[in-house]
């Protein structure tokens, strides 16, 4: 198969979506036997980030650098022309992200829905973000394949978008080899700390965690300024506990990354995190600072048990399996 894969989110600093795209590409390459084409219009400023992310990957590049990339991407989908084949050549599969909806003449049409947060909580997000994600979510109704990263999101997509379950394919995220108990540890001036990747975004719920009287100070990823992705395992490893107090997620890959690094985890009890947490985390009410503080104390006390469970749970998630699910889903749709 020749697979045209939209990589435009990699032109921005990597977050969960960008990491998933890169992991899926690596997984498909590891599975082997197919031709991958990275495509999309990207900004002048974002092109170096995209090139760095793709460095070393055996993928063909069909990338166009433009001054107003966001406008170009949205206009392309709105106009419905020219077809992607004009820039990419012929392909068997076109996989687009939530950043654009490129038209195509032929081949399987696939996309990914990481979560339906913009449809669930539009009042909490910037209107442009809501419009962009809502448009792409509805575009998924016409796709042959809709990937999701959890059974929870699959059920949400069926319920809210009325997409037939047989067109939805669960492709769990993977955990890279760099996330392991072995390696350098972040030193917080010699003091024990509780680590979180939560932000001030309402959904991520850092405020409630800050209000919790945890037995050790909280270090949030955002406190440290921009860090390269390869520094993240050090922060997990050095922590006495990892807390993920999110009010809603599509999956919650930081939970599994922390477990793979040998850290006891305290995770929101919202059902969207059931699959990421498994039976290997202390679950707490994300709206209660007192519950979060008690959960941290419990996780520290149960460290040996939770670390062993977490390591076993994390081994279930590999990018190779993510890649295999993608390739098999594409092949089945041809």
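Here is a yes/no grid of residues against (1) modelled with pLDDT of 95 or more; (2) part of a helix (DSSP H, G or I):
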site	(1), (2)
4	yes, no
13	no, no
36	yes, no
56	no, no
70	no, yes
91	yes, no
100	no, no
104	yes, no
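Here residue 213 meets the list (1) surrounded by fewer than 19 Cβ atoms within 10 Å (Cβ to Cβ); (2) in contact with a strand residue (DSSP E or B) (Cβ under 8 Å, 6 or more places away or on another chain) almost entirely, failing just condition (2). As a summary of the residue check, residue 45 satisfies the conditions (1) surrounded by fewer than 17 Cβ atoms within 10 Å (Cβ to Cβ); (2) under 14 Å from residue 102 (Cα atoms) except for the one numbered (2). Considering 124, 81, 105, the condition of being over 17 Å from residue 8 (Cβ atoms), under 20 Å from the mean Cα position of the chain (by Cα) and surrounded by fewer than 16 Cβ atoms within 10 Å (Cβ to Cβ) is satisfied by 124 alone. Note on the range 160-203: among residues that are modelled with pLDDT under 95 and not in a loop (DSSP other than H, G, I, E, B), the one that is surrounded by the most Cβ atoms within 10 Å (Cβ to Cβ) is 161.
Taking the criterion of being farther than 20 Å from residue 247 by Cβ and in contact with a strand residue (DSSP E or B) (Cβ under 8 Å, 6 or more places away or on another chain), the residues of the range 276-302 that qualify are 280, 298, 300, 302. Applying the condition of being part of a helix (DSSP H, G or I) and modelled with pLDDT of 85 or more to the range 129-144 and asking which residue is farthest from residue 102 (Cα to Cα) yields 141.
In a residue-by-residue description of the range 11-18, the property of being crowded, with 21+ Cβ neighbours inside 10 Å and under 18 Å from the mean Cα position of the chain (by Cα) applies to at least one position. Within the range 320-334, if we keep just the residues that are within 15 Å of residue 166 (Cβ to Cβ) and out of contact with any strand residue (DSSP E or B) (no Cβ under 7 Å at 6 or more places or on another chain), the residue that is surrounded by the most Cβ atoms within 10 Å (Cβ to Cβ) turns out to be 328. No other residue among 148, 218 is more than 27 Å from residue 321 (Cα to Cα) and in contact with a strand residue (DSSP E or B) (Cβ under 7 Å, 6 or more places away or on another chain) apart from 218. The criterion of at least 2 residues that are under 30 Å from residue 125 (Cβ atoms), under 21 Å from the mean Cα position of the chain (by Cα) and modelled with pLDDT of 95 or more is met, among strands (runs of 3 or more DSSP E) falling completely within the range 218-334, by 241-244, 265-268.
If I filter the range 43-51 for residues that are over 30 Å from residue 225 (Cα atoms) and either assigned to a loop (DSSP other than H, G, I, E, B) or under 19 Å from the mean Cα position of the chain (by Cα) (or both), do I get at least one hit? No; the residues of the range 43-51 include none that is over 30 Å from residue 225 (Cα atoms) and either assigned to a loop (DSSP other than H, G, I, E, B) or under 19 Å from the mean Cα position of the chain (by Cα) (or both).
The values are calculated or read from the model by the stated rules, or taken from the named source; none is laboratory data. Please read all numbers here as calculations on a predicted model, not as lab measurements. Using ideal geometry, Cβ is built from the backbone for each residue, glycine included, and neighbour counts are taken over all protein chains shown.
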